[in-house]
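The values are calculated or read from the model by the stated rules, or taken from the named source; none is laboratory data. The structure presented is a predicted model; accordingly, all values stated were derived computationally and were not measured. Don't worry about glycine lacking a Cβ; one is built from the backbone with ideal geometry, like all the others, and counts go over all protein chains shown. For accessibility, only protein heavy atoms count, side chains too; no ligands or nucleic acids. Shrake-Rupley method; radii C 1.70, N 1.55, O 1.52, S 1.80 Å.
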Amino acid sequence: MDDEGPHTEADFAHLGARERDLATFIEHLPDGAAMGYKALAAAHPRYGQQAVRTSLTRLTDAGHLRWVKEHLTVEGNSMRWVTRTYWSQEAKSPEEWREFVRARHGRDVTHTYRSGLARADEPEPGPGQEEPPTPPPADEPSAAHRTLAQLRAVDRRMALSEGECKQLEPSAAEWLARGASPQDITRALTEGLPSTVTNPGGLARTRLESKMPPKRQAPTQAPAQVRARITRAVMICPICEESETSVELVNGICVECCPREERLGYVPDTFLARPRRAPDAVRDDTVIDVTERVAELRRAAGLPAPRGDV
């Protein structure tokens, strides 16, 4: 799951309409974005805080989100806890999330760490993993050599041989290293020439040495980054923020914040428009003789029949 492409409708087809909308919204957030329900509701154009909070709970239960509290040990023995919200485009099983969190232990996060939203599907490059620059082919001349060889095209009096180009190449390379451009070298070697140049190689050597630009001042070094490493990582409930070490988490949410009946879609009677019908309740289309029903109830209670009844 490390090389997932952009999401498709099929990725979130198992979610409800609001959860699909919020999943797409999170998918396009930048890394490090705040993931609290209040921050998301403030940024989302359609949903308020309660709707976002409910949908975040459902996305967590579905395996797309996990809140992880990571303990950092920073160089110098300072320590701190930081919470990250890991998003997975493809739903992960509880076992996969447990393995993911376990793998965070010992991770060097000096160069890549930031709090907030993070992608569980993307590997985090460590220091030294950048691809080294591709060196030029061995048979390709350097910029300094090309500059010297092209002098003949600018002024025929400075036509250098291949041997002279190779001898002067270190000096021209030093010009470039000090910040000069190939055009600076060309002007220094071709402007103000005598009418006749009998030794272009000697003249070029003299000018390269006498007009050498000053060395560039070394740039101010940025302070060295303080190394940081994750020494502990635990999942937490996104609602109460209790860790898995103190409460039982089911699909990333503690059982107190999201009881079993809520996960199954149960709605208490007090929130229904009308009471639930008992399994043996009379069907709506059954015709009841009210007079006969009352008589049955009176007889069952031992009451006499009303006057006029036979």
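Couple of notes before you dig in:
- Using the Cβ-Cβ distance between Ser243 and Met79 with R0 = 22 Å, the FRET efficiency computed as 1/(1 + (r/R0)^6) comes to roughly 0.85.
- Arg107 - accessible surface, heavy atoms, 1.4 Å probe, Å² rounded to 10: 80 Å²
- Rounded FRET efficiency, nearest 0.05, which uses the C-beta distance separating Asp121 from Arg146 and R0 of 41 Å: 0.35
- Calculated FRET efficiency for the pair Thr231/Arg187, C-beta based, R₀ 41 Å, to 0.05: 0.10
- Estimated inter-spin distance, Val197 and Lys166, nm [label 7 Å along Cα→Cβ]: 2.1 nm
- Rolled with a 1.4 Å probe across the full set of protein chains, the surface gives Lys38 an accessible area near 120 Å².
- Environment charge at Lys38 (Cβ cut-off 15 Å; Lys +1, Arg +1, Asp -1, Glu -1): 0
- Residue-span extension gain [Glu95 to Arg157] - 0.36 nm each, minus C-alpha spacing: 14.6 nm
- Protein-only accessible surface order, largest first, of Glu244, Glu169 at 1.4 Å: Glu244, Glu169
- Net charge dipole size for region 35-81 [Lys, Arg +1 and Asp, Glu -1 on Cβ; Debye, nearest 20]: 240 debye
- Rounded to the nearest 10 square angstrom, Cys165 shows an accessible area of 0 square angstrom against a 1.4 Å probe.
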